[in-house]
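Data block below; observations after.
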Amino acid sequence: MYDAILLISFGGPERREDVMPFLENVTRGRNIPHERLLEVAEHYYHFGGKSPINDQCRELMAALGRELDGHGIRLPIYWGNRNWAPLLADALRQMRNDGVKRALGLVTSAYSSYSGCRQYRENVAAAQAEVGEGAPAVDKLRVFYNHPGFVEASVLRVREALAQWPENERASVHFVATAHSIPSSIAQTSDYEKQLRETTRMVAAATGFAEWDLVYQSRSGPPTQPWLGPDIIEHLKNLHAGGIRNVVIAPLGFISDHLEVLYDLDTEAQALAAKLDMRMVRAGTVGTHPVFVAMLCQLIAERLSPGEAKLAIGQFGPNHDVCPLDCCPAGQRAGRPPVSEAPSVSRPS
């Protein structure tokens with residue numbers, strides 16, 4: 001059925017000179033003021049102008065390749081990004097030249113939303129149109145927010161963070177999960193919040209937290225536009241006002257420690273915690289944890305073998321393999337076609 005894997009990610013600059021062109025790619029058509037781009041660029045310059053996300057994709061590809069080989073799955077892995085090299089069109093062109101006809105698409109997002117799912121399918125469709133005749137078909141793997149492997153890997157990361165407190169002090173630690181904020185209007189068209197809350201609930205329960213908070217970070221919209229909240233910075237202030245002094249933060253909405261995790265949590269949130277005399281420990285993302293990589297292999301195996309079990313835990317079953325036409329729409333906005341005209345699956349016509 002399939003002759004390749006395509007890792008599909010966001011992309012990021014790899015040197016200082018790439019930062020502004022990258023940000024212009026990300027925000028094209030969104031009327032973001034140039035001053036705001038300069039402000040965000042400083043986040044990248046803080047780390048020398050290089051985002052770690054591309055290296056993290058390379059590490060994930062290598063780890064997944066080894067895992068697939070260990071299970072006798074001999075499929076080459078290609079990689080294409082939405083916003084920066086290697087771009088999706090270049091990856092599809094190389095795949096076509098290598099004789100690939102049909103690939104499984106692995107998107108680096110565990111949840112359903114426009115930007116985390118549907119937009120990637122639109123990106124693939126646009127890249128297929130650019131490549132033209134012979135562009136391979138790409139079928140996206142299902143979202144995995146409630147796959148036992150994703151939950152277990154997240155639990156193990158939180159336990160690693162908790163181990164930084166003596167056992168007799170852990171009862172005073174408060175658990176906070178974070179995810180990327182999105183506009184409220186777009187959140188209403190997907191199960192993003194519901195899925196995040198389900199993952200957070202399961203991870204908190206497995207790590208011994210009876211109470212937990214889900215908050216958001218990395219907002220980029222204008223102040224007049226409602227986005228999901230509360231924001232992590234405001235939430236830390238409120239926790240401090242309520243007498244909380246020990247906090248473990250788990251960025252469950254992200255699968256790797258890329259720049260938004262490093263800047264928004266390890267830099268801004270950590271600086272605030274220090275100012276408030278709070279101890280904040282940030283749990284690692286699943287990254288290339290062996291349990292997470294094994295989960296990705298299982299997701300691939302279930303699509304290669306129709307009888308393979310589709311694993312899911314919690315209150316909801318496994319998500320669909322083929323997204324319906326109205327799945328995770330962005331809604332009507334300037335420059336965007338009505339939802340009914342957007343592609344439903346990432347396959348060449």
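Sort through Ile8, Ile73 and tell me the only one that's open to solvent by less than 50 Å² (accessible area, probe 1.4 Å), in contact with a helix residue (DSSP H, G or I) (Cβ under 6 Å, 6 or more places away or on another chain), of a type in the set (A, V, I, L, M) and not in a helix (DSSP H, G or I). Quick ask: steps written out before the conclusion?
Values: Ile73 fails: in contact with a helix residue (DSSP H, G or I) (Cβ under 6 Å, 6 or more places away or on another chain).
Selected residue: Ile8, the only one of Ile8, Ile73 that is open to solvent by less than 50 Å² (accessible area, probe 1.4 Å), in contact with a helix residue (DSSP H, G or I) (Cβ under 6 Å, 6 or more places away or on another chain), of a type in the set (A, V, I, L, M) and not in a helix (DSSP H, G or I).
Pairs, please: C-beta under 6 Å, at least 6 apart or cross-chain, first residue more than 13 Å from Lys237 (Cβ to Cβ) and in the stretch 268-293, second among the aromatic types (Phe, Trp, Tyr) and at pLDDT 95 or above?
Cβ pairs passing all conditions: Thr285/Phe254; Val286/Phe292.
Restricting to the stretch 292-314, what's the tally of residues that are of a type in the set (A, V, I, L, M) and part of a loop (DSSP other than H, G, I, E, B)?
Residues that pass the stated criteria total 4.
I'm told Ala301 meets every condition in (1) free of Cβ contacts under 8 Å to residues at least 60 places away in the same chain; (2) more than 19 Å from Ser109 (Cβ to Cβ); (3) within 23 Å of the chain's Cα centre (by Cα) except one. Can you identify the failing condition by its number?
Single failed check for Ala301: (1).
Based on what the data block shows, is Val345 assigned to a loop (DSSP other than H, G, I, E, B), within 18 Å of Phe144 (Cβ to Cβ), at pLDDT below 95 and open to solvent by 20 Å² or more (accessible area, probe 1.4 Å)?
Answer is no for this residue.
Looking at Leu252, Leu265, Leu228 in this structure, which one is in contact (Cβ under 8 Å) with a residue 12 or more places away in the chain and in contact with a Leu (Cβ under 8 Å, 6 or more places away or on another chain)? Reasoning before the result, please.
Values: Leu265 fails: in contact with a Leu (Cβ under 8 Å, 6 or more places away or on another chain); Leu228 fails: in contact with a Leu (Cβ under 8 Å, 6 or more places away or on another chain).
Exactly one of Leu252, Leu265, Leu228 is in contact (Cβ under 8 Å) with a residue 12 or more places away in the chain and in contact with a Leu (Cβ under 8 Å, 6 or more places away or on another chain), namely Leu252.
Which of (1) closer than 13 Å to Thr199 by Cβ; (2) in a helix (DSSP H, G or I) does Arg121 not meet, given it meets every other one?
Evaluating Arg121 over (1) closer than 13 Å to Thr199 by Cβ; (2) in a helix (DSSP H, G or I) leaves (1) as the failure.
The values are calculated or read from the model by the stated rules, or taken from the named source; none is laboratory data. Just so it is clear, the structure is predicted and the values come from calculations on it, not from any experiment. So basically every Cβ, Gly included, is an ideal-geometry build from the backbone, and we count neighbours across all protein chains shown. With ligands, DNA and RNA removed, areas are computed over all heavy atoms of the protein, side chains included. Shrake-Rupley method; radii C 1.70, N 1.55, O 1.52, S 1.80 Å.
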